[in-house]
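Enquirer: Here you go, one structure.
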Amino acid sequence: MKIAIACDHGGYQLKEEVKAYLLDREIEVLDLGTDSESSVDYPEYGFKCGEAVANGDADKGIVICGTGIGISIAANKVKGVRCSLCTDVTMAKLTRQHNDSNVLAMGARTTGVVTALDIVDAWLETEFEGGRHQRRVDLLNNY
Ligand code: RB5
């Protein structure tokens, strides 16, 4: 599995933690930046990660900004992306089961590192349930 990961300056530290965590688990990472805490514009990074998932350069994506809100809005502008802002493990599991989420968003200023890594685990390990949820995901995809 290849995971694209992107962040703004507010998410940089957590992005580095998540990236190291994935690499430790021998998961391939496509790091789309940013690469420091110098101020950048989160939409650019949300779009990049969303596009990487939508065009097949990565299987899934993870985006991080200060709150996770701005960068999730940006990623969700890309057709085919279902980006979910998660603040706990329950949300991570449910958005995989029900929404077939393909991009995870987190907020570095609102979610601690240990919780964030638990969210990543849950989100990566949980399968989409299909069934009635497939029809709803189709509605999203066809909009
Ligand atoms: C950057 O200061 C901040 O606005 C950004 O990281 C994010 O929280 C936006 O939603």
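The values are calculated or read from the model by the stated rules, or taken from the named source; none is laboratory data. From a predicted model like this one, the values you see are computed outputs, not experimental measurements. Positions of Cβ are backbone-derived with ideal geometry, glycine not excepted, and every protein chain shown enters the neighbour counts.
Enquirer: Cβ contacts < 8 Å: first residue under 18 Å from I73 (Cβ atoms), restricted to segment 21-42; second residue of a type in the set (A, V, I, L, M), any location; separation 6+ or different chain. Result?
Expert: Hits for this filter: L32/A4; L32/I5; L32/A6; L32/A52; T34/A6; T34/V40; Y42/I71; Y42/A74.
Enquirer: Before we move on, is A4 away from the ligand (no atom under 14 Å from the Cβ) and either out of contact with any Cys (no Cβ under 9 Å at 6 or more places or on another chain) or not β-branched (V, I, T) (or both)?
Expert: Yes; evaluated as a whole, the condition is true for this residue.
Enquirer: Tell me, yes or no, whether segment 88-104 has at least one residue that is within 14 Å of the ligand (Cβ to nearest atom) and at pLDDT 95 or above.
Expert: No, that holds for no residue.
Enquirer: Just to be sure I understand, how many residues within segment 78-94 are in contact with a strand residue (DSSP E or B) (Cβ under 9 Å, 6 or more places away or on another chain), farther than 19 Å from A108 by Cβ and not hydrophobic (A, V, I, L, M, F, W, C)?
Expert: Count: 1.
Enquirer: Filter segment 5-33 for residues that are outside any helix (DSSP H, G or I) and surrounded by 24 or more Cβ atoms within 10 Å (Cβ to Cβ) and give the result.
Expert: Correct list: I5, A6, C7, D8.
This table checks each residue for (1) of a type in the set (G, A, S); (2) surrounded by 15 or more Cβ atoms within 10 Å (Cβ to Cβ); (3) within 16 Å of the ligand (Cβ to nearest atom); (4) within 14 Å of the chain's Cα centre (by Cα).
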| residue | (1), (2), (3), (4) |
| --- | --- |
| A54 | yes, yes, no, yes |
| V114 | no, no, no, no |
| D118 | no, yes, no, yes |
| N141 | no, no, no, no |
